[in-house]
Amino acid sequence: MKKKLLFLPLTLLVLASCDFAFASINSEEDISSATSQLDNTSTEGSIIDDSTSSVPTSDDKERAGFSLLWEDEFTTASLDTNNWSYMFGNGADYGIVNWGNNEAQWYKRENATIRDGKLVITAAREQVGGYQYTSARIRTAGKISTTYGRIEARMSLPEVDGMWPAFWMLPEDNFYGGWPYSGEIDIMENRGREYDITSGALHFGAPHQYISRNRILRDDTISDYHTYALEWEETEMRWYVDDFNFMTITEEQWFSSTANETDNPYAPFDQDFHILLNMAVGGNFSGGVLPPDDFEFAEMLIEYVRIYQAE
Ligand SMILES: [Ca+2]
């Protein structure tokens with residue numbers, strides 16, 4: 001199993017394989033339809049429940065079978081630009097007007113702040129650039145990236161119509177071609193009007209396909225802190241909310257089928273991916289639903305982001 005983390009002065013690199021003992025069949029699987037902003041083929045991932053794991057607290061960094069490779073606890077005075085870069089505007093500067101999803105916000109630096117040891121991404125009613133809302137989108141591209149490992153964040157999401165918070169990953173180099181051929185990994189997405197549902201998804205192709213699944217929160221809602229995680233191996237990816245494994249996708253289910261694939265069964269998810277955090281307003285994912293008339297602002301609170309490497 002290849003593992004690497006680029007651009008980091010780390011001494012923690014451990015190269016080893018890991019073996020998970022997932023035994024029991026999930027007894028409370030969440031049956032819900034696959035959803036996406038794109039009208040393309042989709043299927044649901046299989047479910048395995050690791051019933052032996054426990055819900056981590058924000059102070060508990062120990063993860064069985066993993067060693068911590070990188071983290072941002074958001075304890076700096078402002079966003080640490082050694083880790084993150086801001087993205088700006090309506091996407092036009094990146095060749096994707098309205099970010100490819102009919103999103104209704106203009107991204108600004110000022111909407112990503114640090115407060116009380118948390119990253120705060122604020123979507124607000126504010127007219128900029130011809131848009132009625134502002135928000136923030138940050139990424140670790142060119143700074144922090146990984147192939148494989150456990151990528152997790154502990155977050156509280158706003159219960160507000162029209163919000164689309166996301167914790168996700170895109171490829172560093174588009175080795176297999178532009179989106180979606182080099183893949184996209186959505187660790188957590190939510191519609192702010194659905195207080196008890198988050199989802200994970202995997203995008204790939206050509207032609208474009210995706211697999212997604214919802215996780216229904218049982219005891220509380222999205223505004224409560226939950227730990228959202230991806231465990232990514234060469235042959236399998238597992239999505240978690242508070243250590244509940246609600247979706248598993250194996251390499252037989254994903255593919256690239258582009259020039260550089262050369263019959264590689266692990267393509268496109270055998271390359272470095274970086275992390276993105278953002279909160280869109282409106283957009284296709286939520287059916288274009290916009291915030292209510294009395295909307296002023298909403299906050300996505302991120303306690304930490306961590307990358308672990310399998311031992
Ligand atoms: Ca923190």
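Tell me, yes or no, whether the range 129-147 has at least one residue that is aromatic (Phe, Trp, Tyr) and more than 21 Å from Glu189 (Cα to Cα). Within the range 129-147, one or more residues are aromatic (Phe, Trp, Tyr) and more than 21 Å from Glu189 (Cα to Cα). Looking at the range 225-265, which of its residues are in contact with a His (Cβ under 9 Å, 6 or more places away or on another chain) and among the aliphatic types (A, V, I, L, M)? Across the range 225-265, the qualifying residue is only Val241. The set of residues in the range 271-309 being away from the ligand (no atom under 16 Å from the Cβ), in contact with an Asp or Glu (Cβ under 7 Å, 6 or more places away or on another chain) and of a type in the set (A, V, I, L, M, F, W, C) consists of Phe273, Ala280, Val281, Phe285, Val289. Yes or no: the range 154-169 includes at least one residue that is surrounded by 21 or more Cβ atoms within 10 Å (Cβ to Cβ), of a type in the set (Ser, Thr, Tyr), modelled with pLDDT of 95 or more and over 29 Å from Glu251 (Cα atoms). Checked the range 154-169: no residue is surrounded by 21 or more Cβ atoms within 10 Å (Cβ to Cβ), of a type in the set (Ser, Thr, Tyr), modelled with pLDDT of 95 or more and over 29 Å from Glu251 (Cα atoms). Criterion first (in contact with a helix residue (DSSP H, G or I) (Cβ under 6 Å, 6 or more places away or on another chain), of a type in the set (A, V, I, L, M, F, W, C) and either away from the ligand (no atom under 16 Å from the Cβ) or within 15 Å of Ala280 (Cα to Cα) (or both)) does Ala136 satisfy it? For Ala136, the condition - in contact with a helix residue (DSSP H, G or I) (Cβ under 6 Å, 6 or more places away or on another chain), of a type in the set (A, V, I, L, M, F, W, C) and either away from the ligand (no atom under 16 Å from the Cβ) or within 15 Å of Ala280 (Cα to Cα) (or both) - is met. Scanning the range 219-236 for residues that are among the aromatic types (Phe, Trp, Tyr) and either out of contact with any strand residue (DSSP E or B) (no Cβ under 7 Å at 6 or more places or on another chain) or in a loop (DSSP other than H, G, I, E, B) (or both) yields a total of 1.
List pairs: first residue in the range 75-104 and farther than 24 Å from Glu172 by Cβ, second residue of a type in the set (Ser, Thr, Tyr) and surrounded by 14 or more Cβ atoms within 10 Å (Cβ to Cβ) anywhere in the structure, Cβ distance under 9 angstrom, at least six positions apart or on different chains. So the pair list comes out as Ser78/Thr113; Ala104/Tyr131; Ala104/Tyr133. Candidates are the residues of the range 237-253 that are in a loop (DSSP other than H, G, I, E, B) and under 22 Å from Tyr308 (Cβ atoms); the one that is farthest from the chain's Cα centre (by Cα) is Glu251. Filtering the range 41-81 to residues that are closer than 30 Å to Tyr210 by Cβ, modelled with pLDDT of 90 or more and of a type in the set (Asp, Glu) leaves Glu71, Asp72.
The values are calculated or read from the model by the stated rules, or taken from the named source; none is laboratory data. Worth saying up front: this structure is predicted, and the values here are computed from it rather than measured. No Cβ is skipped: glycine too gets one built from the backbone with ideal geometry, and neighbour counts run over all protein chains shown.
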